[in-house]
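First up is the structure itself, then whatever we jot down about it.
Where a number appears in this text, it was derived from the coordinates with a stated rule and is not lab data. From a predicted model like this one, the values you see are computed outputs, not experimental measurements. Every residue, glycine as well, gets a Cβ built from its backbone with ideal geometry; the counts of neighbours run over all protein chains shown.
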Amino acid sequence: MSFLKYVSSYSIGIIISRILGFIRDLLFARTIGTGLIADIFFISFRLPNVFRSIFAEGAFSSAFLPIYSSSKYKKTFANNTYSLLILFMLGLCIIAEIFMPSILQFIAPNFLGNYDTITLVARIMFPYIFFLSITSLFTAILQANKHFAIISLTYTILNICLIISLVICYIFPSSNHLIYLACTVIIAGFLQLLWVGYLCKHLVFEVFFVKPRISQEIHTLYTRILPSILSASVYQVNVLVDTVFITSYAGATSFFYYADRFNQLPIALIGISISTVLMPLISDKSKGYISSSLNKAFAFAILLIIPTTIGLYMIAENVIRVFLVNNKFSINDAYHTALILKILCLSLPAVILNKIMLSVYFSYGNTKTPLYCSIIAMLTNVCLDIALIHKYHYTGIAIATIISVWINFLLLLFKLHKKYNVLQVNDLLIRTITAVLISSIGLIITLQLLMIYIPQPGYLGILSIVAISVLVYFTMASCILHKYIPSLM
């Protein structure tokens, strides 16, 4: 199967998951809106949601896959990893449950609401991380065996469960709906684990709990796993760090949540899809094969992400207004959310290309270089948060995030070229960048004209603007790239 077919098969599940996630967020906007109740849920949900994003985006598999692919005793390695992961995550969950008030004081020191309520909700939701970590092991095994489509469907389960719960809360309003939603998150985590465990058993092999044995492979995994997680999740860790500052402003947690949900859509469809497919394809391969695959992945990502960034920036206000405004989400809320979205979307090219480069680093077993780059980026983010928040308020936090992500991109790119020299500026990459630049000019003109003729679009208006813009962009790009399209497959 070709690279494009693997990416497409994985993207189908992502599209389904993101559509369900979008429906979920519409229901959030209509059920809890942007007030204090919403802030309680989103702050409590921030920890499990950040971990969900980290694991779903391949942070665990990036450390596990290279070792698993080269192992002579794959099942033994998987059983040992499974057993140690269970023991470690149980200990982590127990510690987190005990110290949850302190954890919340750290990540939301300026929270304006009731800490007893937020602590209760966070304690109920936190064990989701336990189920998620075991799920990530099973998905990594399935990923190594190129079962990409079914992996991407795994994370639809959380959205389906929350949609059902939100509909019930909307129809039958209750003062306890935060507790119901928190319990729903736990149930979803358990169902995800059952799903991937069943698939792993029937498509690859059954994984068992055994008396853990610290082999050389296990030792290598656990020396790589923390650097891998930190390196692969700079954006998510920055979001978590930003929570410390965001909670100073009433409603800002909700603005960032909704804006980030829109921003995550292209990250998942493009960045996660490409990096998830690329990782097992280049593990234990020659430098020439890695170089060819990386160039193809870069060209493919640039072709998609630049117009996405332009489109999201230009129609952010209309998208937020059309899809989120209701009696609990005001026009003013939409303005602030759209402002955050316009800033955050400028980080999209860097976030997505970072994920692709990380696949190459991890395929070489190099977790230290990305870790150092991510530490510099995260420290930059904190310093910029402090420097910008007084002048620009919560928008300064968003600005700090995109600057730190771009710094991480430049560091990773420089080190990748210096250490491995696998990214070659060949004809495919040059022609793709040329096509993107020319086609993007046509896209900007098209969007400007459409917004003049459709100044206040509704649902159909937004869909029409997107459809026409996509058609114009890809028609222009395909005319320039027609000789190179087979190379992107």
Overall Cα dimensions of the chain, principal axis frame, Å, largest first: 59, 58, 44
Report the one residue of LEU162, TRP406, SER174 whose Cα lies farthest in the direction of the positive end of the charge dipole of the chain (charges on C-beta: Lys and Arg +1, Asp and Glu -1; origin at the Cα centre). TRP406
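With the Cα gyration tensor of region 261-416 in hand, convert its eigenvalues to equivalent ellipsoid semi-axes via √(5λ) and list them largest first in whole Å.
Working: eigenvalues 205, 79, 23 Å².
Over the Cα atoms of region 261-416, the semi-axes work out to 32, 20, 11 Å.
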Per principal axis, largest first, the Cα atoms of region 383-488 extend in Å by 43, 41, 19
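For region 3-424, with only Lys/Arg (+1) and Asp/Glu (-1) charged at the beta-carbon, what is the dipole magnitude about the Cα centre, in debye rounded to 20? Mind showing how you got there, number by number?
Numbers: 28 positive and 13 negative charges, 250 e Å.
Approximately 1200 debye in magnitude.
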Of the residues CYS345, ASN80, LEU153, the Cα lying farthest along the dipole of region 3-424 towards its positive end, which is defined by charges on the beta carbon of Lys, Arg, Asp and Glu, belongs to ASN80
The residues GLU206, GLU317, sorted from fewest to most surrounding Cβ atoms within 10 Å, come out as GLU206, GLU317
Contour minus Cα-Cα span, CYS183 to VAL382, at 0.36 nm per residue, comes to 68.3 nm
Exposed trypsin sites (Lys or Arg not before Pro) being those in a DSSP loop with at most 15 other Cβ atoms within 10 Å, the longest stretch of the chain free of them is 286-482
Taking 0.36 nm per intervening residue step and subtracting the Cα-Cα distance, what contour gain separates ASN327 from GLU206 on full extension? 38.6 nm
Distance in nm between label sites at ARG30 and HIS390, each 7 Å beyond Cα in the beta-carbon direction? 4.5 nm
State the extension gain, in nm to one decimal, for the chain segment bounded by THR220 and TYR364, taking 0.36 nm per residue of separation less the distance between their alpha-carbons. 50.5 nm
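Quick one: of LYS296/LYS418; LYS391/LYS418; LYS75/LYS415; LYS296/LYS368, which pairs are farther than 27 Å apart, Cα to Cα? Mind showing how you got there, number by number?
Working: LYS296/LYS418 20 Å; LYS391/LYS418 38 Å; LYS75/LYS415 35 Å; LYS296/LYS368 25 Å.
Going by Cα-Cα distance, LYS391/LYS418; LYS75/LYS415 fall outside the 27 Å limit.
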If I model a spin label at ILE171 and SER464 as a point 7 Å from the Cα along the Cα→Cβ vector, what separation in nanometres do I get? 3.5 nm
If I take the Cα coordinates of region 147-194 and project them onto the principal axes, what are the three extents in Å, biggest first? 42, 16, 11
So the FRET efficiency between THR434 and TYR372, C-beta based with R0 = 30 Å and rounded to 0.05, is 0.35
Please state the relative contact order of the chain as a whole percent: Cα pairs under 8 Å, 6+ residues apart? 22 percent
